[in-house]
Amino acid sequence: QVQLVESGGGLVQAGGSLRLSCAVSGRTFRLYSMAWFRQAPGKEREFVVAIGGSGTSTNYADSVKGRFTISRDNAKNTVYLQMNNLKPEDTAVYHCASRYGRTWANADEPDYWGQGTQVTVSS
């Protein structure tokens, strides 16, 4: 089993930046691809970005490409989401997710979910 715990959410003004973290349990973190999803009130869950186990392959949703950056530190069992130039439409609960495998296409379903962290962007 894998446990994921997100942190770093908060309230920021449009144009600001925020960095989310996801701490992952287990000895085989490097064997799992990681991803971030988000869900806003009244909307379906949306794929944001994924990163492969080695940290070299990434897949970004068009809505965040060029503004968000995913990274991982396998020595710390942690994945990050750096969010720059935030927009009000980025407001959502952001969930960290994990899938066994070295790569993750943006249509893949996670095996494990974190509880989520709220990101609110004011105009």
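The values are calculated or read from the model by the stated rules, or taken from the named source; none is laboratory data. What you see is a predicted model; the values in this text were computed from it and never measured. These accessible areas exclude ligands, DNA and RNA; they are computed on the full protein's heavy atoms, side chains included. Shrake-Rupley method; radii C 1.70, N 1.55, O 1.52, S 1.80 Å.
A few remarks follow.
- Going by accessible surface with a 1.4 Å probe and the largest first, 30, 72, 102 read 102, 30, 72.
- Karplus-derived HN-Hα couplings along the range 15-29 (A = 6.51, B = -1.76, C = 1.60, θ = phi - 60°), whole Hz, x at Gly and Pro: x, x, 10, 8, 10, 9, 10, 9, 8, 10, 7, x, 8, 10, 3
- Computed with a 1.4 Å probe on the full set of protein chains, the accessible area for residue 29 sits at about 10 Å².
- More than 22 Å apart - percent of Cα-Cα pairs taken over the chain: 26 percent
- Here the Karplus relation 6.51 cos²θ - 1.76 cosθ + 1.60, evaluated at θ = phi - 60°, turns the backbone of the range 65-72 into coupling constants of 4, x, 10, 9, 9, 9, 8, 9 Hz, with x for every Gly and Pro.
- The lysines within cross-link reach of residue 43, meaning a Cα-to-Cα straight distance under 29 Å and a gap of 8 or more places when in the same chain, are 65, 87.
- Accessible surface of residue 78 - all protein chains present, 1.4 Å probe, nearest 10 Å²: 20 Å²
- Ordered by solvent-accessible area of protein heavy atoms (1.4 Å probe), largest first, the residues 109, 46 come out as 109, 46.
- Taking amide H as placed 1.01 Å from N in the peptide plane, residue 32 has its amide H under 5 Å from the amide H of 101, each at least 5 places away in sequence or on another chain.
- Rounded to whole Hz, the Karplus (6.51, -1.76, 1.60) HN-Hα couplings of the range 31-47, x for glycine and proline: 8, 10, 6, 10, 8, 10, 10, 9, 9, 9, x, x, 10, 6, 4, 10, 5
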